[in-house]
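The values are calculated or read from the model by the stated rules, or taken from the named source; none is laboratory data. On a predicted model such as this, the values are computed, not experimentally measured, just so you know. Here the Cβ positions follow ideal geometry from the backbone for every residue, glycine too, while neighbour counts run over all protein chains shown. Calculation scope for accessible area: heavy atoms of the full protein, side chains included, ligands and nucleic acids excluded. Shrake-Rupley method; radii C 1.70, N 1.55, O 1.52, S 1.80 Å.
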Amino acid sequence: MAYHITKAVIPAAGLGTRFLPATKAMPKEMLPVVDKPAIQYVVEEAVSAGLNDVLMVTGRNKYALENHFDRVYELEATLENKGDHAKLEKVRASTNIADIHYFRQGDPRGLGHAVLQARMHVGHEPFAVLLGDDLIDERDPLLQKMIQEQQKRNASIVALMEVDPDQIHLYGAASIETTDDDDVVKVLGLVEKPSKESAPSNLAIIGRYVLKPEIFPILQHTAPGKGGEVQLTDALQEMAGATWTGGVYGVVFRGKRYDTGDKVDYLKAIVELASGRDDLGPELKPWLKQFAAGLD
Ligand code: G1P
């Protein structure tokens with residue numbers, strides 16, 4: 001029986017050490033990408049794919065996330081009194097967006113461990129996992145396509161993207177077999193952050209997954225792997241080889257993705273997104289051209 005997928009799990013317990021000192025007292029998920037915190041883009045993506053039930057797996061120092069998705073009466077009252085409806089809209093946009101639940105991970109023992117914390121909340125249905133460091137252009141229906149494939153194939157689905165072979169050591173890498181759909185591959189195996197030489201391909205997992213609940217018993221016995229952490233990739237590797245799980249397929253993404261977990265990519269994301277916006281682009285682009293012309 002195909003379940004209607006409604007749940008998204010967003011691991012958000014990472015320490016964000018790459019962005020210190022900005023992330024000393026603020027979660028990295030709250031870093032603004034233009035004028036919205038990164039996490040809001042991710043929740044919006046989940047909601048536009050029909051996932052209205054969001055579980056954030058958080059840790060210490062993450063209160064700002066809960067505050068961001070809650071009401072702020074004083075601010076709303078002030079804006080209401082001023083009649084500033086445009087700003088009021090912006091404040092409320094993140095309040096009524098979805099049913100958001102929070103679970104504290106406690107011991108941060110890796111992505112696989114974070115996903116395992118969602119077990120009770122998710123129950124026996126397939127569900128999506130969205131990693132906050134990856135932003136997918138909102139015009140791209142990647143998650144919708146992954147959900148469709150999950151329903152069609154009754155398998156778990158990962159998002160894959162071709163990366164420069166020099167970059168594959170930063171990702172989970174897949175060995176695959178083609179299917180009759182150009183955008184879908186069968187995943188034969190997965191390895192977390194391989195060296196360039198040992199990588200099975202340059203197809204990298206980007207942070208979107210639609211998983212069957214069979215992942216949970218597997219995660220429960222998955223031993224710590226790369227970096228001493230329980231890796232979701234390792235559990236998926238086991239799934240790919242076990243027929244009782246339905247196997248793993250990959251949806252190959254060819255659209256625009258921004259990695260806000262890396263400082264330079266974060267800056268690029270801001271410039272690209274702002275340039276494309278009607279309210280900022282017209283002023284920003286001529287300045288950018290001038291600025292670029294003056295660079296060595
Ligand atoms: C995680 C996963 C990795 C995946 C990546 C996508 O790694 O473990 O398999 O390719 O996300 O962004 P992280 O970037 O959290 O180290």
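The conditions are (1) out of contact with any Ser or Thr (no Cβ under 7 Å at 6 or more places or on another chain); (2) over 16 Å from VAL252 (Cβ atoms), and GLU192 fails exactly one of them. Which is it?
(1)
Against the definition (part of a helix (DSSP H, G or I), open to solvent by less than 20 Å² (accessible area, probe 1.4 Å) and of a type in the set (Val, Ile, Thr)), how does VAL91 come out, yes or no?
no
Quick check, is ALA240 within 13 Å of the ligand (Cβ to nearest atom), surrounded by 14 or more Cβ atoms within 10 Å (Cβ to Cβ), modelled with pLDDT of 95 or more and not basic (Lys, Arg)?
Against the criterion (within 13 Å of the ligand (Cβ to nearest atom), surrounded by 14 or more Cβ atoms within 10 Å (Cβ to Cβ), modelled with pLDDT of 95 or more and not basic (Lys, Arg)), ALA240 does not qualify.
In this structure, is ASP262 under 30 Å from GLN117 (Cβ atoms), of a type in the set (Asp, Glu), surrounded by fewer than 17 Cβ atoms within 10 Å (Cβ to Cβ) and within 15 Å of the ligand (Cβ to nearest atom)? Break it down stepwise before answering.
Values: under 30 Å from GLN117 (Cβ atoms): yes; of a type in the set (Asp, Glu): yes; surrounded by fewer than 17 Cβ atoms within 10 Å (Cβ to Cβ): yes; within 15 Å of the ligand (Cβ to nearest atom): yes.
Yes; evaluated as a whole, the condition is true for this residue.
Pairs under 6 Å by beta carbon, first residue over 25 Å from ARG119 (Cα atoms) in segment 7-36, partner away from the ligand (no atom under 16 Å from the Cβ) and in a strand (DSSP E or B), six or more apart or different chains?
If the second residue must be away from the ligand (no atom under 16 Å from the Cβ) and in a strand (DSSP E or B), the pairs left are MET30/PRO37.
Return a yes/no flag: does segment 216-227 have any residue that is in contact with a strand residue (DSSP E or B) (Cβ under 9 Å, 6 or more places away or on another chain) and more than 16 Å from the ligand (Cβ to nearest atom).
Scanning segment 216-227, I find no residue that is in contact with a strand residue (DSSP E or B) (Cβ under 9 Å, 6 or more places away or on another chain) and more than 16 Å from the ligand (Cβ to nearest atom), so the answer is no.
Could we say that ILE157 is touching a helix residue (DSSP H, G or I) at 6+ places or on another chain (Cβ under 9 Å), within 15 Å of the ligand (Cβ to nearest atom) and over 20 Å from LYS226 (Cα atoms) here?
Yes: the conditions hold for ILE157.
Only one residue in ALA204, ALA174 is within 11 Å of the ligand (Cβ to nearest atom), touching a Ser or Thr at 6+ places or on another chain (Cβ under 9 Å) and closer than 29 Å to LYS268 by Cα. Which one?
ALA174
Just checking, which of LEU131, LEU188, LEU135 is of a type in the set (A, V, I, L, M), buried (at least 17 other Cβ atoms within 10 Å of the Cβ) and under 18 Å from LEU211 (Cβ atoms)?
Exactly one residue qualifies, and that residue is LEU131.
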